[in-house]
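**Student:** Sharing a structure here in structure tokens format.
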Amino acid sequence: MNKLKIFKIILMSNPGEKKPNDDRKKQLPIVTELNEEELNNLIKLINGIRDSADKENSIAELSKMKDHFPNLALYLWHANGIIAILLQDLISIYQMLSPPNTLSSSAANVVCNILSLIQCLAAHKDTRSLLLSAHIPLFLFPFLNTLNKNSNYDTIRLTSLGVIGSLVKADSSEVINYLLQTEIIPLCLRIMERGSDLCQLISTFIIQKILTDQGGLNYICQKPERFYVINTVLEKLLKKQASSSPPQKRLLKNIIRCYLKLSENTRANSALKENIPSELNDPRIVSALDENSKKCLSNLFLNLNQVNINTS
């Protein structure tokens, strides 16, 4: 029997309902790497999401499983009504994103656990496209759009970015083409300017992955204003890093890779030649780079027919 049919038979049933063939679930460990006890516990937790009394604990326990059991994504997606319940709980938090900003730590924790499960779907090759087709990433945008710097809001913002980060890690043109039809670029640019250090890091990574895709690069360089706004934000980040002690190595790595990809586009290359940020030649920046990032920086200057005096 097809794996997904097995998943559906088990998870579409109600907690107290007798299954047509109880022996069927014993076949699952062969295809899921779960033993019978673990499988029973998984089903109990997923069914617990349907019970308001058990929901919060079940979601928390399931979120702990996602790293060591990637196929959790399949169980969640094919469990009858589970995704709808998770989305309803996310939507219920939207009202707390506006003044008077009443988001509590416990509510933020619940949201992050739900987002963790959605990240599981984003990371799995068999549920990623389904996630996009259902437009589930759009449910995260209100969390990315909030400007509140309170730690509860920042945690949700960071976790939401993590979901988008998992999507772009797939290096899939399908993902990039989907994101280009949304507001993810302006949202990420605003977070790059105003967000916490970790949020800046992940949002810059997302922009870098969009630029790495040929379709994404073409989109950004198609209109001067798109290139200009990204170049402006990257330059602001560079200036801030040049004055930081010490600079953030991982953020610098993402910034330089953004510039390298931009330099591979003819229009952007011409613009960068006329206005290459002086910070890229700053010894404080260059000394903070690892060898791979220094190589990227050298390639950037090579593309621009310039010499970086600190890496040559």
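**Student:** Give 228, 219 a once-over and let me know the one that is part of a helix (DSSP H, G or I), more than 26 Å from residue 284 (Cα to Cα), in the same structural domain as residue 274 (by TED's automatic domain parsing) and among the aromatic types (Phe, Trp, Tyr). Please lay out each step first, then the result.
**Tutor:** Values: 228 fails: more than 26 Å from residue 284 (Cα to Cα).
Matching residue, one of 228, 219: 219.
**Student:** Still on this structure, please answer the following. Exactly one condition in (1) under 23 Å from residue 166 (Cα atoms); (2) modelled with pLDDT of 80 or more; (3) surrounded by 12 or more Cβ atoms within 10 Å (Cβ to Cβ) is false for residue 67; which is it?
**Tutor:** (3)
**Student:** Could you figure out which of (1) closer than 30 Å to residue 100 by Cα; (2) in a loop (DSSP other than H, G, I, E, B) isn't true of residue 159?
**Tutor:** Here residue 159 meets the rest and fails (2).
**Student:** Taking residue 204 as the residue in question, decide whether it is touching a residue at least 12 places away in the same chain (Cβ under 8 Å), not small (Gly, Ala, Ser) and not in a helix (DSSP H, G or I).
**Tutor:** Details: touching a residue at least 12 places away in the same chain (Cβ under 8 Å): yes; not small (Gly, Ala, Ser): yes; not in a helix (DSSP H, G or I): no.
So residue 204 does not fit the description; no.
**Student:** I need the full set of residues from region 194-210 which are under 26 Å from residue 246 (Cβ atoms) and touching a Leu at 6+ places or on another chain (Cβ under 8 Å), in order please.
**Tutor:** Taking region 194-210 and keeping what is under 26 Å from residue 246 (Cβ atoms), we get 194-209.
Correct list: 194, 196, 197, 198, 199, 200, 201, 202, 203, 204, 206, 207.
**Student:** Okay, moving on. Report, by residue number, each residue of region 104-151 that is among the aromatic types (Phe, Trp, Tyr), surrounded by fewer than 21 Cβ atoms within 10 Å (Cβ to Cβ) and under 24 Å from residue 61 (Cβ atoms).
**Tutor:** In the first step, residues of region 104-151 are kept if they are among the aromatic types (Phe, Trp, Tyr); the result is 139, 141, 143.
Imposing the further condition that a residue be surrounded by fewer than 21 Cβ atoms within 10 Å (Cβ to Cβ) reduces the set to 139, 141.
Correct list: 139 only.
**Student:** Would you pick out the residues in region 54-113 that are touching a Phe, Trp or Tyr at 6+ places or on another chain (Cβ under 9 Å), assigned to a loop (DSSP other than H, G, I, E, B) and among the β-branched types (Val, Ile, Thr)?
**Tutor:** 93 - this is the single residue of region 54-113 that is touching a Phe, Trp or Tyr at 6+ places or on another chain (Cβ under 9 Å), assigned to a loop (DSSP other than H, G, I, E, B) and among the β-branched types (Val, Ile, Thr).
**Student:** Sort out which residues of region 114-137 are in contact (Cβ under 8 Å) with a residue 24 or more places away in the chain and in a loop (DSSP other than H, G, I, E, B), and write them in order of number.
**Tutor:** Hits for region 114-137 are 124, 125, 126, 127, 134.
**Student:** Sticking with this structure for a sec: If you scan region 259-303, which residues turn out to be of a type in the set (Asp, Glu), exposed (fewer than 13 other Cβ atoms within 10 Å of the Cβ) and either in a helix (DSSP H, G or I) or touching a residue at least 60 places away in the same chain (Cβ under 8 Å) (or both)?
**Tutor:** First pass over region 259-303, keeping only residues of a type in the set (Asp, Glu): 264, 274, 279, 282, 290-291.
When the remaining residues are screened for being exposed (fewer than 13 other Cβ atoms within 10 Å of the Cβ), the result is 274, 290-291.
274, 291 - these are the residues of region 259-303 that are of a type in the set (Asp, Glu), exposed (fewer than 13 other Cβ atoms within 10 Å of the Cβ) and either in a helix (DSSP H, G or I) or touching a residue at least 60 places away in the same chain (Cβ under 8 Å) (or both).
**Student:** Going by what's in this entry, would residue 239 be described as at pLDDT 95 or above, more than 25 Å from the chain's Cα centre (by Cα) and part of a helix (DSSP H, G or I)?
**Tutor:** Numbers: at pLDDT 95 or above: no; more than 25 Å from the chain's Cα centre (by Cα): yes; part of a helix (DSSP H, G or I): yes.
When the stated conditions are applied, residue 239 does not pass them.
**Student:** Quick check, is residue 211 at pLDDT 95 or above, surrounded by fewer than 22 Cβ atoms within 10 Å (Cβ to Cβ) and under 20 Å from the mean Cα position of the chain (by Cα)? Write out each step before concluding.
**Tutor:** Numbers: at pLDDT 95 or above: yes; surrounded by fewer than 22 Cβ atoms within 10 Å (Cβ to Cβ): no; under 20 Å from the mean Cα position of the chain (by Cα): yes.
So residue 211 does not fit the description; no.
**Student:** A further question follows. Kindly indicate which of 52, 13, 98 is assigned by TED's automatic domain parsing to the domain that holds residue 134 and either modelled with pLDDT of 95 or more or under 24 Å from the mean Cα position of the chain (by Cα) (or both).
**Tutor:** On the way: 52 fails: either modelled with pLDDT of 95 or more or under 24 Å from the mean Cα position of the chain (by Cα) (or both); 13 fails: either modelled with pLDDT of 95 or more or under 24 Å from the mean Cα position of the chain (by Cα) (or both).
When all the criteria are applied, what remains is 98.
**Student:** Test residue 254 against the stated conditions and say whether it is more than 28 Å from residue 154 (Cβ to Cβ) and assigned to a helix (DSSP H, G or I).
**Tutor:** On the way: more than 28 Å from residue 154 (Cβ to Cβ): no; assigned to a helix (DSSP H, G or I): yes.
So residue 254 does not fit the description; no.
**Student:** Which members of region 62-93 meet the condition of being over 20 Å from the mean Cα position of the chain (by Cα) and of a type in the set (S, T, N, Q)?
**Tutor:** The initial filter retains those residues of region 62-93 that are over 20 Å from the mean Cα position of the chain (by Cα), namely 75, 78-82, 84-85, 88, 92.
80, 88, 92, listed by residue number.
**Student:** Additional query: Would you pick out the residues in region 138-154 that are among the polar types (S, T, N, Q) and either over 12 Å from residue 94 (Cβ atoms) or in contact (Cβ under 8 Å) with a residue 60 or more places away in the chain (or both)?
**Tutor:** Going through region 138-154, the residues among the polar types (S, T, N, Q) turn out to be 145-146, 148, 150-152.
Once the filter is applied, which keeps residues that are among the polar types (S, T, N, Q) and either over 12 Å from residue 94 (Cβ atoms) or in contact (Cβ under 8 Å) with a residue 60 or more places away in the chain (or both), region 138-154 yields 148, 150, 151, 152.
The values are calculated or read from the model by the stated rules, or taken from the named source; none is laboratory data. Please read all numbers here as calculations on a predicted model, not as lab measurements. Cβ: placed from backbone, ideal geometry, glycine included. Neighbour counts: every protein chain shown.
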